[in-house]
Amino acid sequence: MILAPSQRCFDIIMASEGDKLRAYADPKTKAEPWTIGYGHTGKDVHSSLVWTQAQAVAALHSDVSHVAFSINHALGGKPTTQGQFDALCSLGFNVGAGKLLGSTLWRMHVAGNHDGAAAQFALWDDKGTAVQHGLDIRRAKERALYLL
């Protein structure tokens with residue numbers, strides 16, 4: 001069964017990423033990668049880029065659809081609830097689908113160890129950085145959604 005991200009997935013991403021219509025430098029590197037909208041990065045993003053709200057939402061939906069495709073493909077029919085899928089899409093959007101699909105969290109999920117997988121969300125933070133607090137909040141929301 002092919003799943004699609006629900007509004008709950010987008011709500012977590014939008015609340016966590018914020019709505020920035022002017023491109024900004026990466027908080028860690030103070031340079032590339034440049035980001036705009038709700039966490040969109042790529043070759044199309046540069047320091048002077050400005051978007052409309054509609055462009056930000058469209059890019060978010062496009063970016064998350066790529067993550068959702070990768071997750072659906074990798075699931076290979078393994079049972080997954082809508083809440084689990086949404087949480088995995090939110091995390092995959094944030095860290096990259098490749099990192100998610102190679103993780104202990106992913107291996108636990110596909111093995112059916114959902115309690116173990118849920119416990120893994122808290123480990124995806126940046127300890128000691130300026131973004132740690134925000135990531136802690138995001139991961140708690142993702143974990144809660146995963147357990148729905």
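The values are calculated or read from the model by the stated rules, or taken from the named source; none is laboratory data. The model shown is predicted, which means the values in this text are computed figures rather than measured ones. Counting neighbours? That spans all protein chains shown, and the Cβs are built from the backbone with ideal geometry, glycine included. Heavy atoms of the whole protein, side chains included, go into the accessibility calculation; ligands, DNA and RNA do not. Shrake-Rupley method; radii C 1.70, N 1.55, O 1.52, S 1.80 Å.
Summary table
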| quantity | calculated |
| --- | --- |
| Per residue accessible area in Å² of the chain, where ligands, DNA and RNA are left out and the probe is 1.4 Å | 53 Å² |
| Rounded accessible area of residue 35 (nearest 10 Å², 1.4 Å probe) | 10 Å² |
| Separation in nanometres of the label points that stand 7 Å from Cα toward Cβ, at residue 31 and residue 81 | 4.5 nm |
| Listed pairs 28/78; 20/78; 30/141 exceeding 32 Å between Cα atoms | 28/78; 20/78 |
| In degrees, nearest ten, helix 53-75 long axis to first principal axis of the chain (Cα) | 30 degrees |
| Crossing angle, helix 7-17 versus the chain [Cα axis fit, 0-90 degrees, rounded to tens] | 50 degrees |
| Accessible carbon and sulfur surface of the chain relative to its total accessible area, %, 1.4 Å | 59 percent |
| Calculated Cα extents along the principal axes in Å (choose from [x] 46, 35, 23; [y] 38, 36, 27; [z] 58, 32, 24), label | [x] |
| Structure-based [θ]222 nm, the chain - -39500 (n - 2.57) summed over DSSP H runs of at least 4, per residue, nearest 500 | -17000 deg cm²/dmol |
| Simple spin-label estimate for residue 2 and residue 20 in nanometres, 7 Å along Cα-Cβ | 3.3 nm |
| Rotationally averaged projected area of the range 1-57 (alpha carbon convex hull; nm²) | 4.9 nm² |
| Crossing angle, helix 82-95 versus the chain [Cα axis fit, 0-90 degrees, rounded to tens] | 40 degrees |
| For the range 50-148, size of Cβ-based charge dipole, Lys and Arg +1, Asp and Glu -1, in debye | 140 debye |
| Listed peptides 25-32, 90-97, 133-140 by packing density, highest first (mean Cβ within 10 Å) | 90-97, 133-140, 25-32 |
